[in-house]
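Peer 1: Below is the structure I would like to discuss, written out as structure tokens.
The values are calculated or read from the model by the stated rules, or taken from the named source; none is laboratory data. As the structure is a prediction and not an experimental result, all values here were calculated from the model. Backbone-built Cβ (ideal geometry, glycine too); neighbour counts: all protein chains shown.
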Amino acid sequence: MNQPLSIILDKWKRNGIVTIGGILIGAGLADSLIALNQLDLNQIARGLTIFGAGLTILVIMDNSKTQKNTEKIQKETQLRLEKVEEKLNTMHQSQQMTKEQLHEIKELLKPSNS
């Protein structure tokens, strides 16, 4: 399956799940409000259970989205840290070479004992 189609299908799935969660919240709330007029505790409990199921779905979807964003940020940060590490290693190697060259120059400038 090619990438754009996969992204579209994922969006449809997410939107469908969020819609189902919203419908459950609305249905549960409506069921509970209707039950309040009749003072039917069983119907109130059923409405609250349905409302809770819808809310749970939405919270899980939000947590999933947040987790994906966090993972993306972590990957980007990891890549930046790897680049910084590479630059620091390059600088360290350059510094070592400079020290060695300085030492060689000092050796060349020492007066000979011959």
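Peer 1: Any residue in the stretch 31-58 that's closer than 23 Å to N15 by Cα: show its pairings with residues that are of a type outside the set (A, V, I, L, M) and exposed (fewer than 15 other Cβ atoms within 10 Å of the Cβ) at Cβ separation under 9 Å, as long as the two are six or more apart or on different chains.
Peer 2: F51/G26; G54/G22; G54/G26; I57/G22; L58/G22
Peer 1: Is it true that I50 is over 21 Å from the mean Cα position of the chain (by Cα), at pLDDT 85 or above, surrounded by 12 or more Cβ atoms within 10 Å (Cβ to Cβ) and aliphatic (A, V, I, L, M)?
Peer 2: For I50, the condition - over 21 Å from the mean Cα position of the chain (by Cα), at pLDDT 85 or above, surrounded by 12 or more Cβ atoms within 10 Å (Cβ to Cβ) and aliphatic (A, V, I, L, M) - is met.
Peer 1: Which of (1) small (G, A, S); (2) under 30 Å from R14 (Cα atoms); (3) touching a helix residue (DSSP H, G or I) at 6+ places or on another chain (Cβ under 8 Å); (4) at pLDDT below 90 does S64 not meet, given it meets every other one?
Peer 2: Every condition holds for S64 apart from (3).
Peer 1: Would you be able to say whether some residue in the stretch 67-77 is under 23 Å from G16 (Cα atoms), of a type in the set (D, E, K, R), touching a helix residue (DSSP H, G or I) at 6+ places or on another chain (Cβ under 7 Å) and in a helix (DSSP H, G or I)?
Peer 2: Checked against the condition, which is being under 23 Å from G16 (Cα atoms), of a type in the set (D, E, K, R), touching a helix residue (DSSP H, G or I) at 6+ places or on another chain (Cβ under 7 Å) and in a helix (DSSP H, G or I), the stretch 67-77 yields no hits at all.
Peer 1: Out of the stretch 58-114, which residues are closer than 30 Å to I25 by Cβ and among the polar types (S, T, N, Q)?
Peer 2: Within the stretch 58-114, N63, S64, T66, Q67, N69, T70 meet the criteria.
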